[in-house]
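The values are calculated or read from the model by the stated rules, or taken from the named source; none is laboratory data. Fair warning: this is a prediction, and the values are worked out from it, not measured in the lab. Virtual Cβ from ideal backbone geometry, glycine too; neighbours counted across all protein chains shown. Remember, those area values only see protein heavy atoms, side chains included, never the ligands or the DNA or RNA. Shrake-Rupley method; radii C 1.70, N 1.55, O 1.52, S 1.80 Å.
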Amino acid sequence: MNPVTLAFVALGLTGFAIGAVLSATGQINMGVILMGLGLMFQVISLVRLKRAKQQGKQ
């Protein structure tokens, strides 16, 4: 797996987790922003994985 894809996965999981903690502790706006960024990184990583899988079949 590509190291950039792994970085996107790690950023996505970390961003979502930190956002959830911040939302729970009272900083709702910053938490929601970080959770949204985390989900965005997860989508990017899933797209990269799908493209790599399609290229591997050809």
**Fill in**
Looking across region 18-52 at residues that are open to solvent by less than 50 Å² (accessible area, probe 1.4 Å) and of a type in the set (Gly, Ala, Ser), the single one that is farthest from Asn2 (Cα to Cα) is Ser23
**Prompt:** Do you know which of the residues in region 7-17 that are under 22 Å from Gly56 (Cβ atoms) and touching a residue at least 24 places away in the same chain (Cβ under 8 Å) is surrounded by the fewest Cβ atoms within 10 Å (Cβ to Cβ)?
**Reply:** Val9
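Residue by residue, here is whether (1) in a helix (DSSP H, G or I); (2) modelled with pLDDT under 95; (3) of a type in the set (Phe, Trp, Tyr) holds:
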{"residue": "Met1", "(1), (2), (3)": "no, yes, no"}
{"residue": "Ala7", "(1), (2), (3)": "yes, yes, no"}
{"residue": "Phe16", "(1), (2), (3)": "yes, no, yes"}
{"residue": "Met40", "(1), (2), (3)": "yes, no, no"}
{"residue": "Ser45", "(1), (2), (3)": "yes, no, no"}
{"residue": "Leu49", "(1), (2), (3)": "yes, yes, no"}
{"residue": "Ala52", "(1), (2), (3)": "yes, yes, no"}
**Request:** State all residues of region 7-51 that are among the β-branched types (Val, Ile, Thr) and in contact with a Phe, Trp or Tyr (Cβ under 8 Å, 6 or more places away or on another chain); if no residue qualifies, say none.
**Result:** Val9, Ile44
**Complete:** Result of the Cβ filter at 8 Å on region 33-58, keeping first residues that are in contact (Cβ under 8 Å) with a residue 12 or more places away in the chain and partners that are open to solvent by 80 Å² or more (accessible area, probe 1.4 Å) and among the aromatic types (Phe, Trp, Tyr), at least 6 apart or interchain, is Leu34/Phe16; Met35/Phe16; Gly38/Phe16; Leu39/Phe16; Gln42/Phe16
